[in-house]
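Here's the structure we're looking at; comments come further down.
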Amino acid sequence: MKIKVLARSARREARDSGDQKFARRNLDPGQHPFAAAREHQRAVVAAKLERMMAKPFVCALDGHRDAPTCLAAPRRGQLVQCASGGADGEVRAWDLASRSCVWRGAAHTGPVRGLSLSRDGASLLSCGERQVKRWRLEIAASTGGALERADAGHVVPLETWTSDGSINDVDASWHAGAAGAFCTAGAD
């Protein structure tokens, strides 16, 4: 009578960290008769999800010298204007109908961490490097509600608030009675 003994060393079974056991898998297709069907079902579901989530690329809003870090859009359903902030500290307002930058300003010395458009779309809040700034967005009646083009050198904030701690995001109040109210979020 022959007896086979499994000999496994503890050093081979443990991982580099020493606390987790090595997971053994039997990859023999004879032992797993439903593996092919399971993999086929996973592939079909992945293909369906990919087709479901695929949307056509409309346009790119080029203009920031560094990576965009935040985006703000009005909540009232009008996507005529949106604003983006970049890691270069610049804030840009975009007219989505013409796909062009219509306003820009050097807002912060560091990256812009958060943006929020006011309820009426006439002002914009930006935050970065322990500051929150309110900017005026000039809306021209002659262009059908589009923003007026502004030169980056002449744009100054309407108001500036400084914080003791870091500020990671800002949001304007959307309540009609709370004119000018906003809230911030930070790590400190």
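Among the residues making up the range 104-132, those that are farther than 15 Å from Asp171 by Cα and either in a strand (DSSP E or B) or in contact (Cβ under 8 Å) with a residue 40 or more places away in the chain (or both) are Arg104, Gly105, Ala106, Ala107, Pro111.
Quick check on Gly85: is it modelled with pLDDT of 85 or more and either in a loop (DSSP other than H, G, I, E, B) or surrounded by 11 or more Cβ atoms within 10 Å (Cβ to Cβ) (or both)? Yes. Residue-level analysis places Gly77 among those that are at pLDDT below 85 and at positive phi. If the condition is being modelled with pLDDT of 70 or more and open to solvent by less than 80 Å² (accessible area, probe 1.4 Å), then the range 10-31 contributes Asp28, Gly30. The single condition among (1) at pLDDT 85 or above; (2) over 23 Å from His64 (Cβ atoms); (3) part of a loop (DSSP other than H, G, I, E, B) that Trp161 does not meet is (3). A residue that is part of a helix (DSSP H, G or I), exposed (fewer than 10 other Cβ atoms within 10 Å of the Cβ), at pLDDT below 80 and out of contact with any Asp or Glu (no Cβ under 7 Å at 6 or more places or on another chain) can be found somewhere in the range 40-51.
Of all residues in the range 102-128, those that are modelled with pLDDT of 85 or more and open to solvent by 30 Å² or more (accessible area, probe 1.4 Å) total 5. Among the numbered conditions (1) surrounded by 10 or more Cβ atoms within 10 Å (Cβ to Cβ); (2) assigned to a loop (DSSP other than H, G, I, E, B), the only one that Phe57 does not meet is (1).
The values are calculated or read from the model by the stated rules, or taken from the named source; none is laboratory data. Because the structure is predicted, anything quoted here is derived from the model rather than measured. Cβ: placed from backbone, ideal geometry, glycine included. Neighbour counts: every protein chain shown. For the accessible areas, the whole protein counts, side chains as well, though only heavy atoms, and no ligand, DNA or RNA atoms are used. Shrake-Rupley method; radii C 1.70, N 1.55, O 1.52, S 1.80 Å.
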